[in-house]
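Q: Have a look at the structure that comes next, please.
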Amino acid sequence: MPRYELALILKAMQRSAAINGTKLFPLLFFLRDRLLQTTLCLLWSSGQPETAAVLKRTVEALMERGAVVRNLENLGERSLPYKISKHKERHRRGGYFLIDLEAPPSIVSPMMDHLGRDIDVIRRAFIKHPVSKTEECSGIIPVNYEDKLIAKKK
Amino acid sequence: MAVRAVAALRPWCRLAPAVLWERPRRLQHERQPGRSDQPIQMENPYKEPPKKCVLCGINVDYKNVQLLSQFVSPHTGCIYGRHITGLCNKKQKEITKAIKRAHVFGETVLRFRKAVQTPCVSGMASGAKECRCSSKGLLLRAR
């Protein structure tokens, strides 16, 4: 299964007081990955249960369709580079998230539709996982203009 | 008597008698068999390794906004061309794609136009400190 990267920008939630997480922990247990658990726990304890809920349902939807979620990264909440209008709202701030997953290619279009219908998702994008290519760059080979010219003449 | 003394002073004459080393006498028309005068065919040993562009070996990612912003004009947000950045084909293409992706994914600011004089940048890749174009250092149109 090819590796994809799902870049999400979620709506910036208003920070509420830290909620007692005892009720919510059992809900997280079904997620097998420790990393996801940790990220969601952190979000919950920092007072952003709504963001965590959005992420949870996104990951659930992905897993339903047969994707294997490898990693979930939080790139932080920052102000967007430009105002984005989505779902009848003008957003200035957003939380950036990155989901690293392995999925069949048939999952991409239905997932994009699904995320498009979600009110809390500002921007979504599926990218092929950028494999770090550190191949031996042979450098700039000087082009022999004479040869090119002569070859064309013939 | 004097001759013997002189001979004793020159001990090296005994070590290298004239007969051992004979000067090779080769005539030009008599060519030695199996030896040609032509130079030995080999690859240029003083060849310099091919020049590498600035990003050779560096992985280009659309998330790496700091790296991408170096190839974008700070005044207008235009992507600099190959004659300014001095990158090789592959890396220039990768950078362009990454910048356009970053625009769409909400990572970088989109290009904007300003009717402000921007300093002329062409020719920077070749190392010229002053530009030689007719506008003399300032571009009247935003570039």
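The values are calculated or read from the model by the stated rules, or taken from the named source; none is laboratory data. Note that the coordinates shown come from a computational prediction; the quantities given were computed from them, not determined experimentally. For neighbour counting, all protein chains shown are included, and Cβ atoms are generated from backbone atoms with ideal geometry for every residue, glycine included.
Q: Listed residues A:109, A:79; which is over 27 Å from residue A:131 (Cα atoms) and small (Gly, Ala, Ser)?
A: Result: A:79 is the single residue among A:109, A:79 that is over 27 Å from residue A:131 (Cα atoms) and small (Gly, Ala, Ser).
Q: Quick check: is even one residue across the stretch B:73-93 within 14 Å of chain A (Cβ to nearest Cβ), within 19 Å of residue A:7 (Cα to Cα), in contact with a helix residue (DSSP H, G or I) (Cβ under 7 Å, 6 or more places away or on another chain) and assigned to a helix (DSSP H, G or I)?
A: No: zero hits.
Q: Among the residues that make up the stretch A:129-142, is at least one of them closer than 23 Å to residue B:100 by Cα and of a type in the set (D, E, K, R)?
A: yes
Q: Count, please, the residues in the stretch A:85-136 that happen to be of a type in the set (Gly, Ala, Ser) and not in a helix (DSSP H, G or I).
A: Qualifying residue count, the stretch A:85-136: 6.
Q: Of the numbered conditions (1) away from chain A (no Cβ under 11 Å); (2) crowded, with 17+ Cβ neighbours inside 10 Å, residue B:63 satisfies every one except a single condition; which is it?
A: (1)
Q: Let me ask something else. Suppose we keep only residues that are among the basic types (Lys, Arg) and modelled with pLDDT under 80 within the stretch B:25-58. Which one would you say is surrounded by the most Cβ atoms within 10 Å (Cβ to Cβ)?
A: That would be B:31.
Q: Separate question: Being over 25 Å from residue B:63 (Cα atoms), at pLDDT 75 or above, not in a strand (DSSP E or B) and not polar (S, T, N, Q) is the requirement here; does residue A:148 meet it?
A: Considered against the rule, which asks whether it is over 25 Å from residue B:63 (Cα atoms), at pLDDT 75 or above, not in a strand (DSSP E or B) and not polar (S, T, N, Q), residue A:148 comes out as yes.
Q: Separate question: Looking at (1) charged (D, E, K, R); (2) over 23 Å from residue B:102 (Cβ atoms); (3) modelled with pLDDT of 85 or more; (4) out of contact with any Leu (no Cβ under 9 Å at 6 or more places or on another chain), which is the one condition that is false for residue A:56?
A: Here residue A:56 clears every test but (4).
Q: If you don't mind, there's one more thing I want to ask. Criterion first (surrounded by fewer than 11 Cβ atoms within 10 Å (Cβ to Cβ), within 14 Å of another protein chain (Cβ to nearest Cβ), outside any loop (DSSP other than H, G, I, E, B) and modelled with pLDDT of 85 or more) does residue A:78 satisfy it?
A: Here the answer is no, as residue A:78 does not meet what is asked.
Q: Give the residue that is farthest from the other protein chains (Cβ to nearest Cβ), with candidates limited to residues of the stretch A:49-69 that are in contact (Cβ under 8 Å) with a residue 40 or more places away in the chain and either crowded, with 20+ Cβ neighbours inside 10 Å or assigned to a strand (DSSP E or B) (or both).
A: A:68
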